[in-house]
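Visitor: Take this structure, written in structure tokens, and hold onto it; I'll ask about it next.
Bear in mind that the values in this text are calculations on the coordinates, not laboratory data. Being a predicted model, the structure only gives us computed values, none of them experimental. Virtual Cβ from ideal backbone geometry, glycine too; neighbours counted across all protein chains shown.
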Amino acid sequence: MRRTLSAVAAGLAATLVIAGCSGRDLESSNKTEGGSGEQITLKVAFWGDMGLDKLKADYEKAHPNVKIVLNTGEFNAQHEDLQKKLVAGTGAPDISAVDEGFIVQFRNQSDKFVNLLDKGAGDFESKYLDWKWKASMSSDGKQIGLGTDVGGLAMCYRSDLFKAAGLPTDREEVSKLWTNWDQFIEVGKKYVAKTGKKFVDSGTNMFNPVLAQQPVGFYNEQEQLQMDGGPKVAFDVSMKAIDAGISANLASFQPNWNQGFKKDQFAVLACPAWMLGHIQETAPDQKGKWDIAAIPGGGGNWGGSWWTVPSQGKNIDAAVDFVKWMVQPEQQIEVFETVGNLPSQPDLYKDPKVLAYKKEFMSNAPTGQIFAATAAGLKPQYLGKKNGPTRVAVENVITRVQQGGLKSSAAWPEAVKQAEKVAKTGKA
Amino acid sequence: MSLTELRPASHRPAPPPKKVRTRSWLYRFDNKTIPYVFISPFFILFGIFGVFPLIFNGVVAVRNWRLDDPTLTGWAGLGNFERLLSDEDFWNALGNTFGIFILSTVPQLLIALIIANLLNRKLRGTTFWRIGILLPYLTPVVASTLVFAIFFARDNGMANWFLSLVGFGQETPLDWRAQKWSAWIAIATMVNWKWIGYNALLYLSAMQAIPKDVYEAAAVDGAGAWRQLWRITVPMIQPVVVFTVILSTIGGLQLFNEPMMFDENPQSASGGSAHQFQTIAQLIYKVGWKDLDLGYAAAMSWALFLIILLVAGLNTLLTRRIGGDR
């Protein structure tokens, strides 16, 4: 008995040592809390390059007591990390960027974020695109984020490959080639017949832009699955493209896809504003070979992010101030000019700096004008709670058709079945 | 019974005189308690990072915990486990896991045994060979899997290039991820590549402890190399064989990195377009962090834990029998 007791005592002592260490660490980071005279550190988490380097320096100069720590990472990892820290209740950054693909997931946990309406963010509502403002709003009316950029949607094409296939290369003329998706597929068939190469990168990259153009997506505002509306239209277009043999069947953002750029495996690519950076990075030697035309079927949006402030932070007010400063017009234009992310405030689409901007890599296309037009013309689409998993389920069915495991005629019932399965899970 | 006692004799000092009472207290403390202090860090860490998560996971498994809908909360009882029984995704993942497990473990251990047997002979450059077979084990799994994912690519992949050399799939290259059998083979190849060398070294170290005269006697009696391997070597290294079987069972049933990174679209964690190669570990990750259903994911991981216990126990029994404990 004595023996066990002393063992327990020894164990306790060791635990106390460990606890002591971590306690001290916590204390030191707590020091940043408090009055205006004290030093405040704000950790900002995001992915890729959001053009913050210069903004950080400017802000720190104007606010000597604020130190901003930029923490960039991989797109999915950053979102997952935020989710885990929210569950743990500690460790989240003071400010975190959240992408469109994840905003639904996080707005459902609005209690874990600062309601920006409480901090006077209501003034911004009129400045934002209506749908951008609504997308980050929880069902009980809390605003968890302020919009940074929107994707817009256009069609990037390889003018050199178009020329070789005897197609027009001027962006106005190319836009006229495909006012709707049927025409687009016809152009694709011509291209394939002439060159023997594929035209688009994949069927899913036809499905997603077409779906974005529909008035209702997977779910209506009552959270009911609406497969027979928009999804059916988009699905049919993608099946038609696959049956026509114009798709290279490459999954986006994967090694094969990146290789596809270099090997000229496709000639067009549905591209939001932020995609331009990706093309430039993946195929730097294709400078001047890419150009941008309008997307068939009018406007659309793909991606775009928000700045959110997790409520577990120690310096919430300072964080909110910084976010408000970042979404001011001067800063938004600054970001647009450095990395090309298109602002989500329609007033800026009339700004001469945005309108005059030309992207050298994309054959000097006026990207400001092109993307602003598509983003402003978009009708808001409600994104349901299970939008993300449903999209993955339907995309998987499209991939199965591309892989030959499923006939395109049998694919739609299968897509409905898979989507319903996702919609049903967890309705306890 | 040994003639020499190797353990230090436990001094039992004569009953100490009363004036050195303090010293005797210190002495007893040193003798009885300090050993526990020295081994305690492991148990403390094990408690924090091993036992606690296991128990907490068990608690979560009988609760509803959904991140996408915080209103759904409270005790679920065995509801999550009941759901498991009728979840076709779970059974599909279980089938995939066992398929890949058998395709990887059986060849892996057999080849490791043969390689170890070869390395156990007199060779030139022994160290070179021994280090050489261990190299795949030292490669970070993410790096090697990325390379394999490109190796097994549909277009421009080396595996398809080799196949085309022997006249297969020149017209329509094999899409390794499209079918169950091809995806399983590809993933099992990655696992085998990584672990054969490691197991071979374990076997080799056990083999070196076998006295040479046993082999000499067998050779005199006319047993060939193959017979010696199965009749002498394997029975004599049986404890190590059991150990490797248990380890590969645990590793094989928890397979995650390889199928995850082999997927064309790793973000979805769906293990192929029709879940062709989704393993249980991957499904747990998907249910927890993609579908945001933490309670159900916890129930799945407990189910996986029980399955591993069961299979590891079964494998141990089988290996004991093969090894000659009849």
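Visitor: In whole angstrom, how far apart do the alpha carbon centroids of region A:205-253 and region B:45-102 sit?
Guide: 33
Visitor: To one decimal place, what orientation-averaged projected area in nm² is obtained for the convex hull of the Cα set of chain A?
Guide: Values: hull surface 105.1 nm².
Hull-based average projected area comes out at 26.3 nm².
Visitor: So if I place +1 on the C-beta of Lys and Arg and -1 on the C-beta of Asp and Glu, and nothing else carries charge, what would the dipole magnitude of region B:201-313 be about its Cα centre? I want it in debye, nearest 20. Could you put the intermediate results ahead of the total?
Guide: Numbers: 5 positive and 8 negative charges, 38 e Å.
The dipole magnitude comes to about 180 debye.
Visitor: Let me ask something additional. Give me the distance between the Cα centres of region A:398-428 and region B:146-166, rounded to whole Å.
Guide: Using only Cα atoms, the two centres lie 29 Å from each other.
Visitor: For region B:82-180, which GluC sites (Glu not before Pro) are in a loop by DSSP, counting at most 16 other Cβ atoms within 10 Å?
Guide: Numbers: sites: B:Glu82, B:Glu88, B:Glu171; in loops: B:Glu171.
For GluC sites (Glu not before Pro) across region B:82-180 that sit outside H, G, I, E and B with at most 16 neighbouring Cβ atoms in 10 Å, the list reads B:Glu171.
Visitor: What residue among B:Arg124, B:Arg66, B:Arg83 shows peak mean-square fluctuation when chain B is described by a Gaussian network model with Cα springs under 10 Å?
Guide: Sorting by GNM fluctuation, first place goes to B:Arg124.
Visitor: Here is a further query. Using unit Cβ charges (K, R positive; D, E negative) and no other charged atoms, how large, in debye to the nearest 20, is the dipole of region B:172-256 about its Cα centre?
Guide: Details: 6 positive and 4 negative charges, 56 e Å.
The calculated dipole for region B:172-256 is roughly 260 debye.
Visitor: Let me ask something else about it. If we count every other residue with Cβ under 13 angstrom of A:Ala45's Cβ, Lys/Arg +1 and Asp/Glu -1, where does the sum land? Intermediate values should be presented prior to the final figure.
Guide: Numbers: positive: A:Lys43, A:Lys84, A:Lys85; negative: A:Glu74, A:Glu80, A:Asp81, A:Asp94, A:Asp99.
The answer is -2.
Visitor: Can you work out D for region A:151-202 in µm² s⁻¹ from Stokes-Einstein, where Rh is the Kirkwood radius over C-alpha pairs, the temperature is 37 °C and the viscosity is 0.692 mPa s?
Guide: Details: Rh = 11.5 Å.
Taking Rh from Cα pairs, D becomes 286 µm²/s.
Visitor: May I have the convex hull volume per residue, in Å³, for the Cα set of region B:18-61? Can you show the working numbers first?
Guide: On the way: hull volume 3.0 nm³, N = 44.
Per-residue hull volume (Cα only) is 68 Å³.
Visitor: Could you work out [θ]222 nm for the protein assembly as shown from helices alone, using -39500 (n - 2.57) per DSSP H run of at least four and dividing by all its residues? Round to the nearest 500 deg cm²/dmol. The partial results should precede the final answer.
Guide: Numbers: 33 runs with 409 residues, N = 754.
Mean residue ellipticity at 222 nm (helix-derived): -17000 deg cm²/dmol.
Visitor: For region B:82-322, compute Rh as the Kirkwood radius over C-alpha pairs and then the Stokes-Einstein diffusion coefficient at 25 °C and 0.890 mPa s; write the answer in µm²/s, rounded to an integer.
Guide: Numbers: Rh = 19.8 Å.
So the translational diffusion coefficient is about 124 µm²/s.
Visitor: Mind listing P(r) for region A:35-81? All alpha-carbon pairs, 5 Å bins, whole percents.
Guide: Going out from 0 Å in 5 Å bins, region A:35-81 shows 5, 19, 26, 20, 14, 10, 6, 0 percent.
Visitor: While we're here: Which chymotrypsin sites (Phe, Trp or Tyr not before Pro) does region B:158-240 hold that lie in a coil by DSSP with at most 16 other beta carbons within 10 Å?
Guide: Values: sites: B:Trp161, B:Phe162, B:Phe168, B:Trp176, B:Trp181, B:Trp184, B:Trp193, B:Trp195, B:Tyr198, B:Tyr203, B:Tyr215, B:Trp226, B:Trp230; in loops: B:Phe168, B:Trp176.
Sparse-neighbourhood loop chymotrypsin sites (Phe, Trp or Tyr not before Pro): B:Phe168.
Visitor: Among B:Met158, B:Gly313, B:Pro266, whose Cα lies farthest out toward the positive end of the dipole of region B:82-322, if unit charges sit on the beta carbon of Lys, Arg (+1) and Asp, Glu (-1)?
Guide: B:Gly313
Visitor: In percent, how large is the relative contact order of chain A, given Cα pairs closer than 8 Å and 6 or more residues apart? Please report the intermediate quantities before stating the final value.
Guide: Values: 691 pairs, mean separation 97.1, N = 428.
Once normalised by length, the contact order is 23 percent.
Visitor: Could you tell me the convex hull volume per residue, in Å³, taken over the Cα atoms of region A:307-397? Numbers along the way, then the final one.
Guide: Details: hull volume 15.7 nm³, N = 91.
That works out to 172 Å³ per residue.
Visitor: Next question, about the same structure. Can you flag which of A:Lys176/A:Lys197; A:Lys194/A:Lys350; A:Lys43/A:Lys358; A:Lys85/A:Lys263 are past 31 Å Cα-Cα? Provide the component values of the computation, followed by the final result.
Guide: Working: A:Lys176/A:Lys197 23 Å; A:Lys194/A:Lys350 41 Å; A:Lys43/A:Lys358 33 Å; A:Lys85/A:Lys263 41 Å.
Table pairs above 31 Å Cα-Cα are A:Lys194/A:Lys350; A:Lys43/A:Lys358; A:Lys85/A:Lys263.
Visitor: Charges at C-beta only: +1 for Lys and Arg, -1 for Asp and Glu. How large is the resulting dipole of the protein assembly as shown about its Cα centre, in Debye rounded to 20?
Guide: Numbers: 76 positive and 68 negative charges, 678 e Å.
Here the size comes out at about 3260 debye.
Visitor: Still on this structure: Choose one answer from B:Leu110, B:Leu26, B:Leu306: the residue with the largest mean-square fluctuation in a GNM of chain B with alpha-carbon springs under 10 Å.
Guide: B:Leu26
Visitor: Next question, about the same structure. Against the empirical 2.2 N^0.38 Å scaling, what ratio does the C-alpha Rg of region A:84-240 come to?
Guide: Expressed relative to 2.2 N^0.38 Å, the Cα Rg reads 1.38.
Visitor: Right, something else. Report the Cα-based extents of region A:270-428 along its three principal axes, largest first, to the nearest Å.
Guide: The principal-axis extents, from largest down, are 51, 49, 30 Å.
Visitor: Of B:Ile39, A:Leu250, A:Ala154, which is farthest along the charge dipole of the protein assembly as shown in the positive direction, counting Lys and Arg as +1 and Asp and Glu as -1 at C-beta?
Guide: Ranked along the dipole, the leading option is B:Ile39.
Visitor: Note down, for the protein assembly as shown, the three equivalent ellipsoid semi-axes (square root of 5 times each alpha carbon gyration tensor eigenvalue), biggest first, whole angstrom.
Guide: Three semi-axes, in Å: 53, 38, 24.
Visitor: Report the relative contact order of region B:56-168, percent, no decimals, based on alpha-carbon pairs under 8 angstrom and at least 6 residues apart.
Guide: 9
Visitor: Can you check what the net charge comes to around B:Leu201, using other residues whose Cβ is under 15 Å from the Cβ of B:Leu201 (Lys, Arg +1; Asp, Glu -1)? Write out the running numbers ahead of the final one.
Guide: Numbers: positive: B:Arg130, B:Lys194; negative: none.
Its environment carries a net charge of +2.
Visitor: Would you work out which of B:Gln108, B:Thr145, B:Gly74 lies farthest towards the positive end of the dipole of region B:66-149? Charges go on Cβ: Lys and Arg +1, Asp and Glu -1.
Guide: B:Gln108
Visitor: Under a Cβ-Cβ cut-off of 15 Å, what is the net charge of the residues other than B:Arg63 that fall near it, where Lys and Arg count +1 and Asp and Glu count -1?
Guide: Numbers: positive: B:Arg66, B:Arg83; negative: B:Asp69, B:Glu82, B:Asp293.
Residues close to B:Arg63 contribute a combined charge of -1.
Visitor: Per residue of B:35-44, what is the mean number of Cβ atoms on other protein chains within 10 angstrom of that residue's Cβ? Walk me through the numbers on the way to the answer.
Guide: On the way: counts 2, 8, 7, 1, 3, 8, 3, 0, 3, 6.
Other-chain Cβ atoms within 10 Å of each residue's Cβ, averaged: 4.
Visitor: If you don't mind, there's one more thing I want to ask. Beyond 22 Å, what percent of the Cα pairs of region A:62-147 remain? Display every interim value, and only then the final one.
Guide: Values: 1144 of 3655 pairs.
Value for region A:62-147: 31 percent of Cα pairs lie more than 22 Å apart.
Visitor: How high is the relative contact order of chain B, in percent, with contacts defined as C-alpha pairs under 8 Å that are six or more residues apart?
Guide: Working: 332 pairs, mean separation 84.8, N = 326.
Computed over chain B, the figure is 26 percent.
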